[in-house]
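Participant: Quick one: this structure, given as structure tokens, is what I'll be asking you about.
The values are calculated or read from the model by the stated rules, or taken from the named source; none is laboratory data. Nothing here was measured: the structure is a model prediction, and the numbers come from that model. Cβ sites come from the backbone with ideal geometry, for glycine too, and all protein chains shown count toward neighbours.
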Amino acid sequence: MQRFMGKGIVEGAAAGSVFFREKEAQAVARAAADPAEELERYQLAKDAALAELGRLCEKARTEAGEENAAIFEAQKLILEDGGYNASVSAIITEEKLCAEYAVKASGEKYAAKLAATGDELLKERAADVKDISERVIRILCGGAEGLKAGEKRILAAEEPAPSDLFLFERGCLLALVTKELSAEAHVAILARTMGIPVIAGICPERGWNGRQAIVDGSSGSFILDPDEEMLGELRRRKAGEEERRKALRELKGKASQSRSGKKVRICANIGNVPDLDSLIENDAEGVGLFRSEFLCMEQGGLPSEEEQFEAYRTVAERMGGRPVVIRSFDLGADKQVGSGETEKEENPALGLRGIRRSLAQPEAFRTQLRAVLRAALYGDVLLMFPMIISEEEFLQCKKHVAEAKEELKQKGVPYREELKLGVMIETPAAALISERLAKEADFFSIGSNDLTQYTLALDRQDTRLAGLWDAHHPALLELIRLTVENAHKAGIPVGICGELAGDTTLTQAFLDQGVDVLSVPPNRILPLREAVRNCE
Ligand code: PEP
Ligand code: MG
């Protein structure tokens, strides 16, 4: 038995077998114990990559036309190319090195050859070869030890990306152990929404793969090869947690109202349709934030209009008339989809993120808008836009919504004409011009995670800065106060949907300010209702 102490990032405890996920950058030369096995791993990863490319190709064909689909067709041909495959096989069988390295080295060799020809077209193909190699390496790293269907595992990964959480079937990811992760990073937020305990500050090792472990996301302790006594202790703890949950369940159906009668609507943050179960189980009064970009990450690419429509419609229908606030894709920064679809940026948090990306990709943006407009017929759907910094940006969004309506009208597809449009207040700029934005918007939602990041100039992902992260900083609280005041002056509702919404030390202040909505991960709804009911 070995005990490691890290930092608890998402509370809760779990026991199970470890799944070690190799860091992609670690496609370094590692001796292959059994070259035949490595060859088989390569073949499986190649097949999976070909299937992925096939799906991307289809999507590109329907959404961006034949010309764009041809890029993925060409990539498929390269991956089936005899020379490329012979090079991978030779490195595995003759040099007896691992598949990841064989793919990396072959990709680099082919890309260099093509780039050296000086031919512009062939140079472009060089980028495709690199892209393909990265895709295969990613699959090899994700499935190195083979995740079996329905198998429940603890993920141990040095630098997990949000998409890594979707490697697992729903309900099969027990917990996450990682080297570096801040509580405000999207991986942590996603895990919190899905109720997955997380510990950071522990460097995972390849040798842990398949071994039993206990993760305690509250204390930050990670126990490898636990004995029966420790497993018994975990069972007792879980029984205690169940008692607390039972007591909280008494609050289901009760009003989110303080002793003096101040009311607030407590909604849930979700990332996809399966999160609805825990939202309903915890008696949410609506969906305050549907992080629609998680649909992209789950799928490894942009979902089609039909796929999005299905997801939004299901959520709207199941909420049965309670409000559902969909946020348009907030891609970029630490929320990337698939390989090769995004460029490297110097400062991704300050780069092509959120609404900037949607406005730069109008086809994809309007696909999403059409899906939302159609789904809005099935419930009380609202739409909001992330990372707004100016009135101009919001007006552009409105223009795209009008155009999306026109497109649907032309095609005779039914949609809701009256769709409420909101601004996410996530930048100091938006908070400071909230008086003007309130004249254009139907509602505000304060994204306190990003508002903290951009107000304090602190990268929410950088764990070295965790000591400086202060969501109670007077500058931040002042921006929130100003936003709430300006919203109410204009007669529009305002909510908070960042992590701060669930901070019960601020509940009284939010009630006093008259914040209309607090939106939190599903398992925080009832503790928050309890706090509201204990407020004056
Ligand atoms: C926020 O920034 O507070 C927010 C709700 O959006 P996200 O955490 O997804 O960036
Ligand atoms: Mg945000």
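Participant: If I filter the range 195-203 for residues that are without any contact (Cβ under 8 Å) to a residue 60 or more places away in the chain and out of contact with any Cys (no Cβ under 9 Å at 6 or more places or on another chain), do I get at least one hit?
Facilitator: Yes, some residue in the range 195-203 is without any contact (Cβ under 8 Å) to a residue 60 or more places away in the chain and out of contact with any Cys (no Cβ under 9 Å at 6 or more places or on another chain).
Participant: Of the conditions (1) without any contact (Cβ under 8 Å) to a residue 60 or more places away in the chain; (2) over 21 Å from residue 515 (Cα atoms), residue 460 fails just one. Which one is it?
Facilitator: Just one mismatch for residue 460, condition (1).
Participant: When the range 475-534 is examined, which residues are found to be modelled with pLDDT under 95 and more than 17 Å from residue 286 (Cα to Cα)?
Facilitator: none
Participant: Please report, ordered by residue number, the helices (runs of 4 or more DSSP H) entirely within the range 314-412 with at least 2 residues that are out of contact with any Cys (no Cβ under 9 Å at 6 or more places or on another chain) and within 15 Å of ligand 1 (Cβ to nearest atom).
Facilitator: On the way: elements: 355-360, 362-375, 391-411.
Counting at least 2 such residues, we get 355-360.
Conditions tested, residue by residue: (1) more than 16 Å from ligand 1 (Cβ to nearest atom); (2) polar (S, T, N, Q).
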residue	(1), (2)
162	no, no
165	no, no
170	yes, no
174	yes, no
179	yes, no
182	no, yes
188	no, no
192	no, no
200	yes, no
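Conditions tested, residue by residue: (1) at pLDDT 90 or above; (2) part of a loop (DSSP other than H, G, I, E, B); (3) under 19 Å from residue 1 (Cβ atoms).
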position: 170; (1), (2), (3): no, yes, no
position: 174; (1), (2), (3): yes, no, yes
position: 177; (1), (2), (3): yes, no, yes
position: 184; (1), (2), (3): no, yes, no
position: 188; (1), (2), (3): yes, no, no
position: 213; (1), (2), (3): yes, no, yes
position: 223; (1), (2), (3): yes, no, yes
position: 234; (1), (2), (3): yes, no, yes
position: 243; (1), (2), (3): yes, no, no
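Participant: Within the range 249-264, does at least one residue satisfy the condition of being surrounded by fewer than 20 Cβ atoms within 10 Å (Cβ to Cβ) and modelled with pLDDT under 95?
Facilitator: No, the range 249-264 has no match at all.
Participant: Still on this structure, I have one more. Within the range 432-453, can you find the residues that are over 20 Å from residue 502 (Cα atoms) and part of a helix (DSSP H, G or I)?
Facilitator: 432, 434, 435, 436, 437, 438, 439, 440
Participant: Out of 352, 377, 383, which single residue is hydrophobic (A, V, I, L, M, F, W, C) and away from ligand 2 (no atom under 16 Å from the Cβ)?
Facilitator: Going through 352, 377, 383 in turn, the sole match is 377.
Participant: Does residue 431 satisfy being in the same structural domain as residue 510 (by TED's automatic domain parsing), more than 15 Å from ligand 1 (Cβ to nearest atom) and surrounded by 18 or more Cβ atoms within 10 Å (Cβ to Cβ)?
Facilitator: Values: in the same structural domain as residue 510 (by TED's automatic domain parsing): yes; more than 15 Å from ligand 1 (Cβ to nearest atom): no; surrounded by 18 or more Cβ atoms within 10 Å (Cβ to Cβ): yes.
In short, no.
Participant: Listed residues 359, 369; which is over 26 Å from residue 286 (Cα atoms), among the hydrophobic types (A, V, I, L, M, F, W, C), in contact with a helix residue (DSSP H, G or I) (Cβ under 8 Å, 6 or more places away or on another chain) and more than 16 Å from ligand 2 (Cβ to nearest atom)?
Facilitator: Result of the check over 359, 369: 359.
Participant: Can you report the number of residues in the range 245-264 which are touching a residue at least 40 places away in the same chain (Cβ under 8 Å), within 26 Å of residue 512 (Cβ to Cβ) and not in a loop (DSSP other than H, G, I, E, B)?
Facilitator: Total meeting the criteria: 2.
Participant: Would you be able to tell me the number of residues in the range 265-295 that are part of a helix (DSSP H, G or I) and either away from ligand 1 (no atom under 13 Å from the Cβ) or among the β-branched types (Val, Ile, Thr) (or both)? Steps first, answer last, please.
Facilitator: Taking the range 265-295 as the starting set, the residues that turn out to be part of a helix (DSSP H, G or I) are 273-281, 293-295.
Narrowing the set further to residues that are either away from ligand 1 (no atom under 13 Å from the Cβ) or among the β-branched types (Val, Ile, Thr) (or both) leaves 273-281, 295.
So the answer is 10.
Participant: Checking residue 417 against (1) more than 16 Å from ligand 2 (Cβ to nearest atom); (2) of a type outside the set (S, T, N, Q); (3) assigned to a loop (DSSP other than H, G, I, E, B); (4) under 29 Å from residue 158 (Cβ atoms), which test does it fail?
Facilitator: For residue 417, the exception is condition (4).
Participant: Given (1) among the hydrophobic types (A, V, I, L, M, F, W, C); (2) in contact with an Asp or Glu (Cβ under 6 Å, 6 or more places away or on another chain); (3) more than 16 Å from ligand 2 (Cβ to nearest atom), where does residue 438 come up short, assuming only one miss?
Facilitator: Of the numbered conditions (1) among the hydrophobic types (A, V, I, L, M, F, W, C); (2) in contact with an Asp or Glu (Cβ under 6 Å, 6 or more places away or on another chain); (3) more than 16 Å from ligand 2 (Cβ to nearest atom), the odd one out for residue 438 is (2).
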